[in-house]
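Report on one structure; see the data block that follows.
The values are calculated or read from the model by the stated rules, or taken from the named source; none is laboratory data. Treat the numbers as computed from the prediction; the structure is a model and nothing was measured. Cβ: placed from backbone, ideal geometry, glycine included. Neighbour counts: every protein chain shown. To get the accessible areas, we keep the full protein, side chains included, count just its heavy atoms, and leave off ligands, DNA and RNA. Shrake-Rupley method; radii C 1.70, N 1.55, O 1.52, S 1.80 Å.
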Protein chains: 2
Amino acid sequence: MKGPKPPLDFSYRYSRVTAARKESSVKSFYKYFQIPGIGNLAGGLPNASLFPFDTLEAQTAQPQRWKPTPNNPNDPSKDLFASFAGSSIKADNDVSVPAHLTVPHASAVANPMEKIDLTTALQYGQAQGYPPLYSYLRQFTRENLQPNVPYLNGPDIALTCGNTDGMSKALECFTNVWSEERDWIRERPGILCEEFAYMSAVQSCRPRGLAVTPVKMDAEGMLPTGPGGLEDILQNWDESKGLRPHLMYTVTIGQNPTGGTLSIQRRKDIYALCSKYDVIIIEDDPYWYLQFPSAAACEAEARNLPASPAAPVHIFKKSSGYPFLDSLVPSYLNIDYDGRVIRLDTFSKTVAPGCRLGWITAQPAIVERIVRISESGTQQPSGFVQSMISELIMGPQPVMSEFVKKSKKEQVTFTGWKTDGWVRWLAGLRGVYERRMNRMCSALEDGRFQLKQGTPLKTSESDWAVISKTEMYSFDWPRGGMFVWIKMHYESHPLFGQIPGPRLAQLCWIFLTTTPYLVLAAPGLIFSPTPEIAEKEGWKYYRLCFAAVSEDEVGKSAKRFAEGIKAFWLIKDKKEMEDIDPEISGRQMEGELTDLGMNLAC
Amino acid sequence: MKGPKPPLDFSYRYSRVTAARKESSVKSFYKYFQIPGIGNLAGGLPNASLFPFDTLEAQTAQPQRWKPTPNNPNDPSKDLFASFAGSSIKADNDVSVPAHLTVPHASAVANPMEKIDLTTALQYGQAQGYPPLYSYLRQFTRENLQPNVPYLNGPDIALTCGNTDGMSKALECFTNVWSEERDWIRERPGILCEEFAYMSAVQSCRPRGLAVTPVKMDAEGMLPTGPGGLEDILQNWDESKGLRPHLMYTVTIGQNPTGGTLSIQRRKDIYALCSKYDVIIIEDDPYWYLQFPSAAACEAEARNLPASPAAPVHIFKKSSGYPFLDSLVPSYLNIDYDGRVIRLDTFSKTVAPGCRLGWITAQPAIVERIVRISESGTQQPSGFVQSMISELIMGPQPVMSEFVKKSKKEQVTFTGWKTDGWVRWLAGLRGVYERRMNRMCSALEDGRFQLKQGTPLKTSESDWAVISKTEMYSFDWPRGGMFVWIKMHYESHPLFGQIPGPRLAQLCWIFLTTTPYLVLAAPGLIFSPTPEIAEKEGWKYYRLCFAAVSEDEVGKSAKRFAEGIKAFWLIKDKKEMEDIDPEISGRQMEGELTDLGMNLAC
């Protein structure tokens, strides 16, 4: 009989510590807790009446606060709001009214999966997550975000304190600590990552002794084949230098720092190799909802190139129920027949980084191990954020005696967003970031070339021929995420040859921070997983983020960046160039930049 | 020259992973961030204007909500409120008015150590903690809670996601993973703990391969000398069975489960041994403010015994500034000349467990390593709870344009608690728990003995002599914490001898859960760090918690417990006894109880 198969058993990949964790078998005791009228003197919990918080409240946005952009190519109506018409969320004329959310001290709702109150949320809880939020996110993940996970019975989830915590737990789950002084080199575990990577994640592998092996990438992301591609690395692995990596860390949408978004075909090719060589995939996906359908067309238009045909949207068996979600390039989970994908989702970019809240999606057996790890560490994410996000999405409670007592104004202002509202909020955020991306890229586009009047040629050619164009930098309009990845063409600088490229890159970085340019760019060095990449390629790049500064500042900063580069290319005197940097020696700065990466590269 | 010495360097004790973590040297880059008008395109932060929360708010208690008890023996005035007279907190007639707290989206305060708003709190932050809360807690710890730490320049702190997280990070800092199948037994690291211990902490040691060695204890806590005491263990350590433990996990105030509180002299003796044998002390202290001065006197009175003289209060060089804090038995930190104490504090019992917020106090070099560990894991506790607790204690901001716009009523209702209020809140909580403890212990006192009319003796003795008293259980009135630790005297049960003691204990536990007794007690088994202790001693004990149930229920439940025991002692028929437990076999239940410990023993 054909049909979904259960996921593979990866327990042989668990670290020694993870394998040694015991499963909790407390369930058989629940019957005692539930004896009617039982006086529970067994637990060590403080009584909820002694918490100093009687409510938690907030002024919150309506889900329609930000204007979305069309879901091209699969939004034929081009009606921005069409996909949300008829949904339960309010009409857009309410948008400016902030809503007032209240998490009550005690809710009358009986079902723990729906009960949102401080008596439960601020008490000791379950490592899997606060029951209402856990059950909401599990359903959202299984029915809307990842409705096509191919293994039998689908994935489970567990809440985390954000993706750094999720990554740390995945590492704890699947890697043993290795140390040069006591272990054999041939036993050294390793991890695969992109050629340019989010270094905070990569750095967390190093103290555990993991060998970090970058995989060659292009604008989309990792390359499955070709020199330095995934197959090349796995097929030709030298076992004497350590174990062939059985773990991969990857950001496949709006990749940090390159902005690349991995196509479905590429995913299939890479997954097939991971399956062949038994690699577990940690898919860190903070930017999944920030995919920019306008990027390709706008890029072509800005460069007077013919618009390339829109990439076909792959329609999996089940729809998410939302055109916006259906329009997004989907997760590795959609092709995860083996159950080897551990996906990390976070509220850091959809709500705020300070939430420290996210979730892991994977096959249930792996999720169970992650929960065991949480139990003796973070235990559970803070009940403050769990209850407020629950209330934001699911609230207010259907039965709530406090609610009745509120003023009419307060009563009408807050309606829980529900899934319709949550998806609408994401679409609105995508709209904001897409417009910022367009603004930054337009400004950068204007400054790519240095135009110089050359000596007129004695020919019949028209005037434009005597203008020489020097390309100072190049970039792709990012298809997703928060970053533009700029390749600098230092080889076209007049002093290239007299001053080594990497030094020129440093001076350029400092020059950009001076008046009147005043721009801080993230140097490519800090996204280089190995010293070799930093030395060979990393110094040639800048990562510009269009998310952090104010909307007004995005275009202005990008313009100042372009002007700074232009001015830098006009420096022809070596002495003048070296004066830019009176203090910092080259080597020192390189080290500092690498450290800086940990802090900047969020 | 005599004077405080710097703490010792314990870096040789760091685990391989911890030693391999790199120090961040980003400081030299701050100057670039601070260039006026700089457009920061380097960071990868989302813009705060896109957070869906415009404010965070709450209805909060006034610090005087609960009535304190006197700080005997060092509160000569016996005026309950005297120690708070003249403080900045409000008069007690305001107590019933709940206050409304608001964390604004953006505060105008410039100093980051004082600025509390969502723009900072919900952004990526520092692993050490949210700057205003970190700086407040650091000052509170150094000036009020631990003003007498003897090493040069005193301790530093770092915020944690609660004490389980703090414990996990301390373990990560100071222990390597050991595994039987690959490592030498003589290399096995170990940890010392109390004979009866908080098993969630102890359990987190096991998957790392640590050998857990319990130290004999009495009602106060660990014994420094005598058989099974600390000196005995360390002096006679058999190196062939593993490394002599260099780590101790201890709860010294209101110990979980025994309720013991360790005197200063005992601390000095134990510390001296730790110093001699180079043991690092992890002091987990969730109940430090729950010390009950009335316990000894009430216990004596209830038993018609002469009141023992009150223990002398040790006055260290510097006062905390608060009679309440001065009255408490102080931390190991007060005698920590070497800098070998890592203290874990938590908001779990002072605010709510769901906060998942606490802090580590230790010498700065150790705190720095803990911060490095946090950076690649939890990063920082949730900004939701950090900002709300900051606002609760430190708020509202001196300059706040939003505040002016509020209604008069809202303006007057909230004043930040400040340290005066925080200490007053703790004193109030202590009052609540002390009254609960008294209530439970009084009820238990009434039921300790089975009184039986014996055959009258033909003597001149008076009537009372013919009443035989059978002691069914004994206990000390706890000097601190949330628990009464009850020793059951099964040897006095009529069926003892016919039914083995441990089995009798199981049946008694089940019997207590039946009508009309309906009491769930925590069995001593689940606090036994080794199977030997469980088998030899653990089964004789129950831990009763007076914190979790409602205040009204405390006395009633304790009374039902006493009545249940009395009824259990009246069962004289073996068949009737075995009928109590038709389902659960002895062995199975023991295993389940151990697991249950993980979940109950918070």
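Observations on the model:
- Take the Cβ atoms of A:Ala300 and A:Thr515, set R0 to 30 Å, and the FRET efficiency comes out at 0.25.
- Nearest-first distances (nm) between copies at A:Ser442, label 7 Å from Cα via Cβ: 7.7
- Region A:152-246 - charge dipole about Cα centre, Lys and Arg +1 at Cβ, Asp and Glu -1, debye rounded to 20: 260 debye
- Gap separating the Cα centres of region A:173-222 and region A:548-571, nearest whole Å: 35 Å
- Gyration tensor verdict on region B:492-546 (Cα atoms; rounded if a/c is under 1.5, prolate if a/b is larger than b/c, oblate otherwise): oblate
- Using a cut-off of 20 Å between Cα atoms, the listed pairs B:Lys452/B:Lys556; B:Lys5/B:Lys276; A:Lys241/A:Lys536; B:Lys452/B:Lys575; B:Lys216/B:Lys536; B:Lys216/B:Lys540 include B:Lys452/B:Lys556; A:Lys241/A:Lys536; B:Lys452/B:Lys575 as exceeding that distance.
- Distance between the 7 Å Cα→Cβ label points at B:His489 and A:Ala567: 9.0 nm.
- Across B:Arg138, B:Arg186, A:Arg303, the residue with the most accessible area heads the list, and the full order at a 1.4 Å probe is B:Arg186, B:Arg138, A:Arg303.
- If you wrap the tightest convex hull around every Cα atom of region A:129-380 and split its volume per residue, you get 138 Å³.
- Distance from the alpha carbon centroid of region A:139-158 to that of region A:304-376 works out to 10 angstrom.
- For B:Ser442, the accessible area of its heavy atoms, probed at 1.4 Å with every protein chain present, is near 50 square angstrom.
- Solvent exposure of chain A, expressed per residue, is 39 Å² of accessible area, with all protein chains present and a 1.4 angstrom probe.
- What a 1.4 Å probe finds exposed on chain B is 55% carbon and sulfur by accessible area, rounded to a whole percent.
- With the convex hull of the Cα atoms taken as the outline of region A:518-578, the averaged projected area works out to 5.3 nm².
- Label geometry 7 Å along the beta-carbon vector: B:Ile467 inter-copy distances in nm: 11.2
- Teacher prompt: A:Phe33 distances to equivalent labels in other copies, 7 Å Cα→Cβ, nm: 4.2
- Only helical runs count toward this figure. For chain B, summing -39,500 (n - 2.57) over DSSP H runs of n ≥ 4 and dividing by all residues gives -9000 deg cm²/dmol at 222 nm.
- Prolate/oblate/rounded call for chain A, Cα gyration tensor, a/c under 1.5 rounded: prolate
- Rounded to the nearest 20, the size of the Cβ-charge dipole of the protein assembly as shown about its Cα centre is 620 debye, with Lys and Arg at +1 and Asp and Glu at -1.
- Interface residues of region B:370-391, defined as a loss of at least 40 Å² in heavy-atom accessible area between the chain alone and the complex of all protein chains with a 1.4 Å probe, are B:Ser376, B:Gly377, B:Thr378, B:Gln379, B:Ser382, B:Phe384, B:Met388.
- Leaving ligands and nucleic acids aside, the B/A contact buries around 10100 square angstrom of accessible area in total at a 1.4 Å probe radius.
- Whether region A:239-282 is rounded, prolate or oblate, judged on the alpha carbon gyration tensor where a/c under 1.5 counts as rounded: oblate
- Computed from label points 7 Å out along Cα-Cβ, the spacing between A:Ala219 and B:Trp184 is 5.9 nm.
- Bridge orientation summary for chain A: considering DSSP beta bridges with both residues in this region, about 65 percent are antiparallel.
- Test item: A:509-521 mean partner chain Cβ contacts at 10 Å: 4
- Between B:Leu243 and B:Ser275, the FRET efficiency estimated from the beta carbon spacing at R0 = 25 angstrom works out to 0.90.
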